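One structure is given below, encoded as structure tokens.
Throughout, read-outs are computed from the coordinates displayed, never taken from laboratory work. Because the structure is a prediction, the values reported are computed rather than measured. Positions of Cβ are generated from backbone atoms using ideal geometry, with glycine treated the same way; all protein chains shown enter the neighbour counts.
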Amino acid sequence: MKEIEIVSKAKIYGYEELSENDRELVEQAKKATQSSYAPYSNFHVGAAARLADGTIVTGSNQENSAFPSGTCAERTALFYANARYPEQCVKELAVAAFNKGKFTAVPTPPCGACRQVILGVEERYGRPVRILLYGEDGTYVMDSVKALLPLQFSGENMNG
Ligand SMILES: [Zn+2]
């Protein structure tokens, strides 16, 4: 038997420690929570993707009474970015959540399906997507979704 160690690291920044660019992206993600349609969970998530040319595309969670038919903020933003600006790679993605009248203290991480989609975006453009997960008590920053998705399944698995 052998054992491997899988290590993920994230940096945690206070809001004032974030760069102006990072704050801008986080603010767009926070703003996007207000366009969420979440009558079932009342958990309003916003995502903001910055593209290579600086364009920022936002999305929010859109729920449906048939739950699987809705989708998350991250996928709304990324699929829209890829559909509207297919030639622009996604450089960064910020996520924020508004719940019970305020932004969450702890960052809201992407669900498993969104992590896989972010990985797909990294594969598509051949570059990592920097992730910023906003919380009132601190923002987690990762250089790639791979920090959130160890032992990820990618196209490379089908070539091996
Ligand atoms: Zn999701």
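Candidates in the stretch 143-160 are the residues that are within 12 Å of the chain's Cα centre (by Cα) and within 16 Å of the ligand (Cβ to nearest atom); of these, the one that is surrounded by the most Cβ atoms within 10 Å (Cβ to Cβ) is VAL145.
Quick check on PRO109: is it touching a residue at least 24 places away in the same chain (Cβ under 8 Å), of a type outside the set (A, V, I, L, M, F, W, C) and exposed (fewer than 12 other Cβ atoms within 10 Å of the Cβ)? Against the criterion (touching a residue at least 24 places away in the same chain (Cβ under 8 Å), of a type outside the set (A, V, I, L, M, F, W, C) and exposed (fewer than 12 other Cβ atoms within 10 Å of the Cβ)), PRO109 does not qualify. Scan the stretch 121-160 for residues that are under 23 Å from GLN28 (Cα atoms) and either polar (S, T, N, Q) or free of Cβ contacts under 8 Å to residues at least 12 places away in the same chain (or both) and the total you get is 2. Among the residues examined, TYR80 does not qualify as surrounded by fewer than 16 Cβ atoms within 10 Å (Cβ to Cβ), within 18 Å of ASN99 (Cα to Cα) and without any contact (Cβ under 8 Å) to a residue 40 or more places away in the chain.
The condition of being among the small types (Gly, Ala, Ser), over 16 Å from the mean Cα position of the chain (by Cα) and either more than 16 Å from the ligand (Cβ to nearest atom) or part of a strand (DSSP E or B) (or both) holds for ALA83.
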